Amino acid sequence: MQDKVFIFDTTLRDGEQSPGATMTHAEKLEIAAMLDEMGVDIIEAGFPIASIGDFEAVSAIARNSRNSVICGLSRANIRDIDRCWEAVKHAARPRIHTFIGTSPLHRAIPNLDQDQMAERIHDTVTHARNLCADVQWSPMDATRTEHDYLCRVVEIAIKAGATTINIPDTVGYTAPRESAALIRMLLERVPGADEIIFATHCHDDLGMATANSLAAVEAGARQIECTINGLGERAGNTPLEEVVMALKVRNDIMPFTTGVDTRKLTAISRKVATVSGFAVQFNKAIVGKNAFAHESGIHQDGMLKNAETFEIMRPADVGLTETSLVMGKHSGRAALRAKLKDLGFEVADNQLADIFVRFKALADRKKEIYDEDLLALMQDSDTQA
Ligand code: KIV
Ligand code: ZN
């Protein structure tokens, strides 16, 4: 089995479905260009039937993309699929993604019994495949679908021509062991399963989306569906930056590769935060403001001696120029001395001792000490000398 994991980004489709995260046409094109440039394998550019704006954005992204496969989403009906094809067909490498909810709760909505739904899946996947050589099919709410029925419909979709079968954990309900077992079960039980790619699509309602995605890969999935900053419905989708960096940093125990240039992660995270209006939490893994920041004296001292003491990734690997040693009440003398040196001051031990006392007093009153505060302390120190 290949060790390359395809990265499928759905920031512009599932991500944009977050209430309040709507993006303009120009913003979508800009994000798609960044995704294309950074080595994302498949970009889900939108849901063409949803609106004229979505249709136009998907068409324009399809025309402009140079490397990535461009995918559009469609429900399981002929009109949706045709509209999707009209939008993605301009791409050098188009993909139609069609889905239907297969769990008992979701089957009840269109009021289809198991056989009627199976027939619908056969007909719609066949139709999509007659239009496009690259067809992805998703049984929405797969993780709450009966296993026998899931195997049955996955087999139908493969026989009808689906080349990727995506297994969505639509409501973020699964857990890592179960996520892995589901992929393993499908690979073992479904005829033809070894000829297609299984994808994992996780939501983060219980905070397990990254772990569930990685567990699925270890069990044989070879496509991870994710979004920048984990943007997405409710608690969001699997964050792209987390799975890509996890596979890079822990390649010793998860020997899989992706084609993503991780040095572009910070830039795209900031772009998506700005255009979506969803700020990234400070302590967010990989791209949060504090992900490479250290305030405590022990940590800062360790970092100054050897960055590996408290960092498992190099800031440059995610596109940051440097680690930030934040000056605050937990900082120690070593960090203060290093910071002053950065600002152009070489201080003797007795001067450092004096400044350190005044620095601590200030840090007790102020959350963060900026360069300007340190410059003021140095000025006072010169005046007193
Ligand atoms: O979460 C989900 O089930 C989806 C499908 C449309 C793939 O986003
Ligand atoms: Zn989703």
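Bear in mind these aren't lab numbers, they're just calculated from the coordinates by the rules spelled out. Every value quoted in this text rests on a predicted model; they were computed, and no experiment measured them. Every residue, glycine as well, gets a Cβ built from its backbone with ideal geometry; the counts of neighbours run over all protein chains shown.
List of remarks:
- Peptides 186-197, 63-74, ordered by how many other C-beta atoms sit within 10 Å of their residues on average, highest first, read 63-74, 186-197.
- Gyration tensor (Cα) of the range 252-385, equivalent ellipsoid semi-axes in angstrom: 34, 17, 12
- Prolate/oblate/rounded call for the range 238-301, Cα gyration tensor, a/c under 1.5 rounded: oblate
- For the range 232-246, Karplus couplings with θ = phi - 60° (6.51, -1.76, 1.60), whole Hz, Gly/Pro x: x, 3, 6, 7, x, 9, 4, x, 4, 4, 6, 5, 5, 6, 4
- Positive-end residue of VAL125, PHE8, GLY161, charge dipole of the chain with Cβ unit charges: PHE8
- Helix content alone sets the calculated 222 nm mean residue ellipticity of the chain: runs of n ≥ 4 DSSP H residues at -39500 (n - 2.57) each, divided across all residues, give -14000 deg cm²/dmol.
- When each of ASP3, ASP148, ASP317 is scored by the number of other beta-carbon atoms lying within 10 Å, the sequence from fewest to most is ASP148, ASP3, ASP317.
- Annotation: the residues LYS329, LYS367, sorted from fewest to most other C-beta atoms within 10 Å of their own C-beta, follow the order LYS367, LYS329.
- For GLN281 and ARG234, a Förster radius of 22 Å and the Cβ-Cβ distance give a FRET efficiency of 0.90, rounded to the nearest 0.05.
- 5 angstrom amide H check on CYS202, placed H, neighbours 5+ away: ASP169, GLU225, THR238
- Hull volume per residue, based on the alpha-carbon atoms of the range 192-260 and their convex hull, is 92 Å³.
- Cα-Cα over 24 Å, subset of LYS289/LYS366; LYS284/LYS367; LYS305/LYS339; LYS159/LYS248; LYS305/LYS341: LYS159/LYS248
- In the range 262-335, the chymotrypsin sites (Phe, Trp or Tyr not before Pro) that fall in loop regions by DSSP, at most 15 other Cβ within 10 Å: PHE282
- Lys, Arg +1 and Asp, Glu -1 on Cβ, resulting dipole of the chain about Cα centre, debye, nearest 20: 120 debye
- Based on the convex hull around the alpha carbon atoms, the chain presents an average projected area of 20.9 nm².
- For the range 311-385, the set of GluC sites (Glu not before Pro) satisfying both a DSSP loop assignment and a count of at most 10 other C-beta atoms within 10 Å is given as GLU322, GLU346.
- Normalised Debye scattering of the range 156-300 at q = 0.12, 0.18 Å⁻¹ gives log10 I(q)/I(0) of -0.54, -1.07, counting only Cα atoms as equal scatterers and leaving out solvent.
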